[in-house]
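In what follows, a structure is listed as structure tokens, so that the remarks can point back to it.
The values are calculated or read from the model by the stated rules, or taken from the named source; none is laboratory data. Owing to the predicted nature of the structure, the values given are computational and were not obtained by experimental measurement. The area values use the complete protein model at the heavy-atom level, side chains included, leaving out ligands, DNA and RNA. Shrake-Rupley method; radii C 1.70, N 1.55, O 1.52, S 1.80 Å.
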Amino acid sequence: MELSGCGTALVTPFRGDGAVDEPTLVRLVNWQIESGVDFLVPCGTTGEASTLSEVEMLRVVETVVETAGGRVPIFAGCTHNATSQAVARAKRLAQVSGLTGLLSANPYYNRPGQEGQYQHFRAIAEATPLPLLLYNIPSRTGANLEAATVLRLAEIPNIVGIKESSGSLPQVTEILTSAAPDFKVLAGDDGLTLPVIALGGAGVISVASNAIPAEMARMVRAAMTGDWAAAREINRKYYRLMQAHFWEASPAPVKAVLALLGRMEDAVRLPLVPVTAATRRKLELLLGELGLLATVASESGGVRSV
């Protein structure tokens, strides 16, 4: 299935006792698809994959794939800083019937150089027939996957694209102007969605679309069909919310937003903690200003209609 448009870096809902909340996950997946999101990415950074056991990770992916039922592509997170473990995980995920592909980030903590990253991603790609989407996020991993290395990796048949979160538009431009036209470059930062699409990118893997899936899907669709006036209008309206999702360590803010919207419990796993009361209050006021809440607490502590 086509990998383009607005994809959601899906949160993993937890219950108050810390267990994965499968019924809520099913509801979230259905809401995402019904809202027009083009593909889903479970068990990535936003899905708190590093806090999931292997059994939990596989079950989350299976649940998302089963619930989606072929309606949209599913690319599962497959990141580990030990190449052998990443390869083993890729082989396990390849056994999930209906899974479209894998998303794998730079090896974290080790901070490998360009050749080390090339060999790492090549080993994962060669371990499975599934399409592999690279994920460059140096702010979290301490290693940047340079454009020249991406272009080398793009020659491997089942490496189909990259989620680019370096924040460097020149780097994005170099990839887009040098790679084959069918190599997908997706924004990894909501705030850079429109610039990346304008350069020729294929869309975004979004955190914000967890909370506003219909709005983000409309914005991306407008940009990709050349309706820039509509795309800019949506971006202008929701840009503050896109940024608010990083007021504290992600995904705690977007989970707080989803809780305020009544979609799930506000629960994360250590070492993350829920947002502070002050941040939650700011998020609630912002949601109210955007018309996303039926009611919102006023400055004086009362309740007013929005």
Problem - Nearest-ten-degree value, helix 228-244 long axis tilted from longest Cα axis of the chain - result: 80 degrees
Exercise for the section: Output ³J(HN,Hα) for segment 201-216: one whole-Hz value per residue in order, computed from phi by the Karplus curve 6.51 cos²θ - 1.76 cosθ + 1.60 with θ = phi - 60°, and x for Gly and Pro. Expected result: x, 9, x, 8, 9, 10, 7, 4, 5, 4, 9, 10, x, 5, 5, 5
Fill in the blank from the handout: Helix 22-34: inclination vs the chain longest Cα principal axis, degrees, rounded to 10, gives 90 degrees
Handout entry: 3J(HN,Hα) from dihedral phi, segment 283-290, Karplus parametrisation 6.51/-1.76/1.60, rounded to Hz, x for glycine, proline
Key = 5, 4, 5, 5, 4, x, 4, 7
Exercise for the section: Once you have all Cα-Cα distances for segment 1-108, histogram them in 5 Å bins from zero and send the whole-percent values. Expected result: 2, 13, 26, 26, 19, 11, 3, 0
Exercise for the section: Note down the accessible area of residue 173, probe 1.4 Å, to the nearest 10 Å². Expected result: 50 Å²
Problem - Mean residue ellipticity (222 nm) of the chain, computed from DSSP H runs ≥ 4 via -39,500 (n - 2.57), nearest 500 - result: -13000 deg cm²/dmol
Completion exercise
In the chain the DSSP beta bridges are antiparallel at a rate, in percent to nearest 5, of 15 percent
Completion exercise
The rounded separation in angstrom of the Cα centers of segment 179-194 and segment 22-60 is 22 Å
Fill in the blank from the handout: For segment 1-63, dividing by residue count, accessible area per residue (probe 1.4 Å) in Å² works out to 35 Å²
Handout entry: Computed over segment 106-204, Cα set: Rg, Dmax in Å
Key = 12.5, 34
Problem - Calculated on alpha-carbon atoms, Rg and Dmax of the chain in Å - result: 18.7, 60
Fill in the blank from the handout: If amide H atoms are modeled at 1.01 Å from N in the peptide plane, then the residues at a separation of 5 or more from residue 184, or on another chain, having amide H under 5 Å from its own are 161, 162
Practice task
Using only Cα atoms, find the angle between the long axis of helix 114-126 and the longest principal axis of the chain, and express it within 0 to 90 degrees, rounded to the nearest 10.
Solution key: 90 degrees
